[in-house]
Amino acid sequence: MAGLRDTAAAVRQGSTRAADLLEANLAAIAEREAEIHAFNLVLADEARAQAASIDAAVAAGDDPGPLAGLTVALKDNLCTRGIATTCSSKILEGWRPPYDATVVTRLRQAGAIIVGKTNLDEFAMGSSTENSAFGPTRNPLDPSRVPGGSSGGSAAAVAAGFSAFSLGSDTGGSIRQPAALCGVVGVKPTYGYVSRSGLVAFASSLDQIGPFTRTVADAAVVLDVIGGHDPADSTSIPEVHPSLAVALDQGVEGLRVGRITDLPEGADPDVAERLEVAFDALRAAGATIVDVQVPAFTFGLTAYYLIAPAEASSNLARYDGVRYGLRVDAPDTNTMYGATREAGFGDEVKRRIMLGTYALSAGYYDAYYGKALKVRRLIHDDFERAYRNADVLLTPASPSVAFPFGAKGDNPLAMYLCDVYTIPTNLAGHPGMSVPFGTGADGLPVGIQVLAGTLNEPAMFRAAAALERAAGGAGGAS
Amino acid sequence: MSAIDGLPGDWQMVVGLEVHVELATATKLFSASANRFGDEPNTHIDPVTLGLPGALPVLNRQAVELAMRIGLALDCTIQPCTFHRKNYFYPDMPKAYQISQYDQPLNVDGHLDLPDGTRIGIERAHLEEDTGKSTHLGGAGGRIHGSEASLIDFNRAGVPLVEIVSRPDIRSAEQARQYVTELRAILVAVGASDAKMEEGSMRCDANVSVHRPGTPFGTRCEIKNVNSVRSLGRAIEYEARRQIDLIEAGERVVQQTRHWDEGDGRTHTLRSKEDADDYRYFLEPDLVPLAPSAEWIQAVGDALPMLPGARRARLAGATGVAADSEAAMVVVERGQDDYVLAVGAAGGDVARALVHVKEAYADQGATPTVPAADLAALTVLETGGQLTATQAKAVLADLVANGGGDAAAIARARGFEAMDTGALEAMVDRVIAEQADAWAKFCAGEGKAMGALVGAVMKASHGKADGKAVTALLQARRG
Amino acid sequence: MSERISEADVAKVARLARLHLTGEEVQRMTAQLGGMLEHFADVDALDLAEVEPMTQPYPLVNVLRDDVVAPSLDRAEVLAAAPSAEDGRFRVPPIIGLEG
Ligand SMILES: [Mg+2]
Ligand SMILES: [Zn+2]
């Protein structure tokens, strides 16, 4: 299968029709979506109209842009003007944003075609997409298993060939973990690399939007379009980012690849073994492997499960039944608030709102939230020290391959451990990505996580591309 | 003390004021919809204003600059600062949190000097966003209690506010009124706000407690819903007396928020602070810190106009009146002080000019239209004795009516030639002869008689005589 | 039962968060939140006295926007999506009991 750049080039030249590309995706959707449930909403008619207008533009001699005719599936927490955006929550059912997220505007301007809005754990809280109010998404590689989460629908859409690429959001691993479980590439850029404007907030200081693609090169193409400064997001980094597509060809000769010697244990043996193979592969490709320590890595989960819920408790307070979304009627406003939020939010969301409210409340702030912010600093500083000696770090993206539905049971902590390797990066604000690197138990894909320092995406992409080459090209396992 | 603050015994009130002012920006604090009062409801709304999912705040540069102007006008220190979320649910608060400044406000440690020189400390003046507006349906008189529903308009939501918090340095209702009046004058002078209490662009909450000198301050209550300078004074006085009555009856003042009811002239319990607010403040992750550079602060300071207090002092220095005299207060408030000084610069008498301007331009904000040089010429005629005060007033009326003119020519046209001394002496002698009774009483030392004699001379001269000269002549004749 | 959070705490937090929880939910939530807060014992041993809290990943300052008006959203469109509206405004039930 041709890469995104070549496919778009063919559309721009008129040698491939956007309409034909789209129909191939729609055929795949017709065949498997009923089983997979990657989407909350498929936009077949709108997509066909968009494809037709792109083909018409090309015929008229216009250039529709660098993503011309490429289909994209959007996580359903990205605002799309006039198109329902639910966050897989009953509380937003039926809400149609009056505006597009910045990334959506950029995709449209680049000629991409939106095929649908993908399923997620409600408000992006979860690691299996089992927490969706509209039912779970299945892993296309083994429908008895979860696709990971929270961007499970977006990962599954790419893995199942429902779209050329997709976007997700990553607050504690919600792109990288499902990418690993579905055998696709998933990138969480540096905090501030991609505008959050129009991304429905979970935890504002941690959330980042990023792509799911079949290859590392494809991820670079997408990031080059959606990244860059946006005045609508005060936390958007103003510096101009170098093109990642250019970095890919540089190889890893001389690159210092760090092995975290005090990495928390917990990866399954099959996954741990693939990580060793990954180090060997990069060494063989000319990289230097160095040992580093990140002692505070191990406190990531703890800090995260106070900081993210604290921010979420505030971000989700706006769902009050006054201006949009669900309202459960009651004789007075205060009772209406309680009834609406009781009916509109699922258990995991309520749990995190409660935890976050508690962590911020009078008398507990210093003991919990305040302390978590200090632990966050330790984690950040430890990473920064490690990056003085290493350009990138490798870890597993997920402790295990895709697991069966219900495997984590009722114990929230068991589910939280899915993100043990991804969370610290969000806390530090650094970039990270998962690249498929062969298979583990039951022939299911294993994702290797490549981490780098602030705005060092070019080094991260170089290492990821080398791993991809070592694994035998796109998809690795296939 | 009680003589000053009107409280019984040796009780003293302790008042701190929190004043919210809406800034005169074109747009809201964190979004680009219009900051405009009085339009159709919900016509200045955007994703940020409505707290729509995914909407992000971006700080308005002009709001920051106006807040800095306020800080500099109040002699505050402008410091690096941050924004916090103050979390609470209320239907007029779209995100269920207000973005405000908490432990690191923009402006700190300033002061405001009342016209009489009393210094009131300013603890802080911070930026925050306003809420929407609720209208209550079905409750008596639009009140919240007994209403069947409320309607929300978000035009005001997100409008930039500066909250100016005074130290508890105010000791009387009159001082509170003076503080708010002076603060308003400053806000208008620096162009930060139109500061209209009637329209709600300036709102005032008062923290009131009472104590006896030498003892610690008592428990304070916060009074809200004060809609004019007059009700501020009434509310504070009522509240101080209520607290004194409680204490003298052996009861305890409970810390609480109270609502001023203009209708019955009382404060009422709104909510008790004790079980109340847990705002869960935390740093707003969607915004970054604000740290105005020294250059920026300097530029804002350089562009500040002269403030009312300094203008009164300048006028007082030029004219010899007291800075808190009615004339100085009124003329500066109307913005006519530059004109008075211009009359002086044109060779006129500034003290006479001050009196004329105060009286001839009594309309708030009336702009003097008479060229300063023309008014200067008039005051020269007065001080030179060519015109009496009464004549000058008549000439000024003509000048104002015509938008200027030659004062001397107008005086001549009105027949206001100064009388020569011989003619005046003859007139005085004639009046003494005609009013023998009054003359006798005057010689016997009866003060009232003097007025009758002077009046008679003025009448005989058709107002041309100079009162002072007549008095001098009468005293000389008496010997 | 965790020592870190009581059922009374949970009930109070639910009120603050405007989540109507049944008695059974309060019990379950107390156990679950207690379990998560136990996990926090991890960091109890750390000496954090000298550590600056980290609130933002990327150090930016003075991000400002020009004071230029952009068009409002369409009121009719926005109110059509509201649960209840009247007379150009959002309608809510009587506002009482919002104090705590
Ligand atoms: Mg206040
Ligand atoms: Zn305030």
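Fully extending the segment from B:ALA303 to B:ARG143, taken as 0.36 nm per residue of separation minus the present Cα-Cα distance, adds 53.2 nm.
Interface burial in the stretch A:308-333, defined as at least 40 Å² less accessible area with all protein chains than with the chain alone at a 1.4 Å probe, covers A:SER314, A:ALA317, A:ARG318, A:VAL322, A:ARG323, A:TYR324, A:ARG327, A:ASP332, A:THR333. May I ask for log10 I(q)/I(0) of the stretch B:308-413 at q = 0.16, 0.19 Å⁻¹, from a Debye sum over the Cα atoms as equal point scatterers with solvent left out? Taking Cα atoms of the stretch B:308-413 as identical point scatterers yields -0.62, -0.86. With protein chains left intact and a 1.4 Å probe, residues in the stretch B:12-302 average 36 Å² of accessible area per residue. On association of chains C and A, roughly 5100 Å² of accessible area becomes buried (total for both chains; probe 1.4 Å). With Rh defined as the Kirkwood radius, the inverse of the mean 1/r over Cα pairs, the Rg/Rh of chain B is 1.11. Rolling a 1.4 Å probe across the protein heavy atoms gives the stretch B:421-478 an accessible surface of 57 Å² per residue.
Taking the chain by itself as reference, the stretch B:34-77 contains these residues with an accessible-area loss of 40 Å² or more in the full protein complex (1.4 Å probe, heavy atoms): B:PRO41, B:ASN42, B:ILE45, B:PRO47, B:LEU50, B:LEU52, B:PRO53, B:GLY54, B:LEU56, B:VAL58, B:LEU59, B:ARG61. The listed residues A:ASP270, B:ASP169, A:ASP6, B:ASP10 rank as A:ASP6, B:ASP10, B:ASP169, A:ASP270 when sorted by accessible area, largest first, using a 1.4 Å probe. Antiparallel beta bridges, as assigned by DSSP with both residues in the protein assembly as shown, represent about 80 percent of the total such bridges. Normalised by the number of residues in chain B, the average gap of Cα pairs under 8 Å and 6 or more apart makes the relative contact order 13 percent. Accessible surface area normalised per residue over the stretch A:260-346 is 32 Å², counting heavy atoms of protein chains with a 1.4 Å rolling probe. Residues of the stretch C:61-77 that bury at least 50 Å² of accessible area when the other protein chains are present, relative to the chain alone (probe 1.4 Å, heavy atoms, ligands and nucleic acids excluded): C:ASN62, C:VAL63, C:LEU64, C:ARG65, C:ASP67, C:VAL69, C:SER72, C:LEU73, C:ARG75. Once the Cβ-Cβ distance of A:ARG469 and A:ASP381 is raised to the sixth power relative to R0 = 45 Å, the FRET efficiency obtained is 0.85.
All Cα-Cα distances of the stretch B:164-279, cut into 5 Å bins from zero to the largest, leave 2, 11, 20, 23, 19, 13, 8, 3, 1, 0 percent in each bin in turn.
Within the stretch B:225-302, report the GluC sites (Glu not before Pro) that DSSP leaves as loop and that have at most 11 other Cβ atoms within 10 Å. Within the stretch B:225-302, the qualifying GluC sites (Glu not before Pro) (loop, at most 11 other Cβ atoms within 10 Å) are B:GLU251, B:GLU274. Computed over every Cα-Cα pair of the stretch B:101-174 and binned at 5 Å starting from 0, the pair-distance distribution P(r) comes out as 3, 14, 14, 12, 11, 12, 14, 12, 6, 1, 0 percent.
Dipole magnitude for the stretch A:176-301: about 160 debye, using +1 per Lys or Arg Cβ and -1 per Asp or Glu Cβ, origin at the Cα centre. Overall dimensions of chain A, expressed as equivalent-ellipsoid semi-axes from the Cα gyration tensor (√(5λ), whole Å, largest first), are 31, 30, 20.
The portion of the accessible surface of the stretch B:165-215 made up by carbon and sulfur, rounded to a whole percent, is 50 (1.4 Å probe; DNA, RNA and ligands excluded). Charge tally for B:ALA452 (other residues, Cβ to Cβ under 12 Å; Lys, Arg +1; Asp, Glu -1): 0. Computed from Cα atoms alone, the Kirkwood hydrodynamic radius reported for the protein assembly as shown is 33.2 Å. For the chain pair A and B, the buried solvent-accessible surface (1.4 Å probe, both sides summed) amounts to about 2500 Å².
Model label sites at B:ALA389 and C:THR22, defined 7 Å from Cα along the beta-carbon direction, differ in position by 8.8 nm. Here the simple spin-label model places points 7 Å from the Cα toward Cβ, and for B:THR269 and A:ASP347 these points are separated by 4.2 nm. Normalised by the number of residues in chain A, the mean separation of alpha-carbon contacts (under 8 Å, six or more apart) gives a relative contact order of 17 percent. The interface between chain B and chain C buries about 3700 Å² of solvent-accessible area in total (1.4 Å probe, ligands and nucleic acids excluded). For B:ALA291 and C:LEU46, the FRET efficiency from 1/(1 + (r/R0)^6), where r spans their Cβ atoms and R0 equals 45 Å, is about 0.90. Straightening the chain between B:ASN402 and B:HIS111 buys 100.3 nm, computed as 0.36 nm per residue apart minus the Cα-Cα spacing.
Atom-type composition of the exposed protein surface of the stretch B:1-83 places 52 percent of the accessible area on carbon and sulfur (1.4 angstrom probe). Length available on full extension from A:ASP366 to A:GLU253: 0.36 nm per residue minus the Cα-Cα distance, which gives 36.0 nm. Of the complete DSSP H runs in chain B, those spanning 27 angstrom or more by Cα along the long axis with a mean Kyte-Doolittle score not below -1.0 are B:229-248. If the viscosity is 0.692 mPa s and the temperature 37 °C, what Stokes-Einstein diffusion coefficient in µm²/s follows for the stretch B:326-479 when Rh is the Kirkwood radius over Cα pairs? For these conditions, the coefficient is 194 µm²/s. Pop out the carbon and sulfur fraction of the accessible area of chain A as a percent, whole number, probe 1.4 Å. Carbon plus sulfur share of accessible area: 50 percent.
Between B:THR471 and B:THR215, what FRET efficiency comes out of the Förster formula 1/(1 + (r/R0)^6) with R0 = 51 Å and r the beta carbon distance, rounded to 0.05?
0.35
Short to long, the 5 Å bins of the Cα pair-distance histogram for the stretch A:203-339 hold 2, 7, 9, 10, 13, 17, 15, 9, 6, 5, 4, 3, 1, 0, 0 percent of all pairs.
Normalised by residue number, the volume inside the convex hull of the Cα atoms of chain C is 248 Å³ per residue. So for chain A: antiparallel DSSP bridges make up what percent, rounded to the nearest 5? DSSP beta bridges in chain A are roughly 65 percent antiparallel.
Put a dot 7 Å past the Cα of B:ASP437, heading toward its Cβ, do the same for B:ARG61, and the two dots end up 8.2 nm apart.
The values are calculated or read from the model by the stated rules, or taken from the named source; none is laboratory data. Just so we're clear, the structure is a prediction, and the values are computed from it rather than from any experiment. With ideal geometry, Cβ positions are generated from the backbone for all residues, glycine too; neighbour counts draw on all protein chains shown. The protein model used for the area step is the full one, side chains on, heavy atoms only, and it has no ligands, DNA or RNA in it. Shrake-Rupley method; radii C 1.70, N 1.55, O 1.52, S 1.80 Å.
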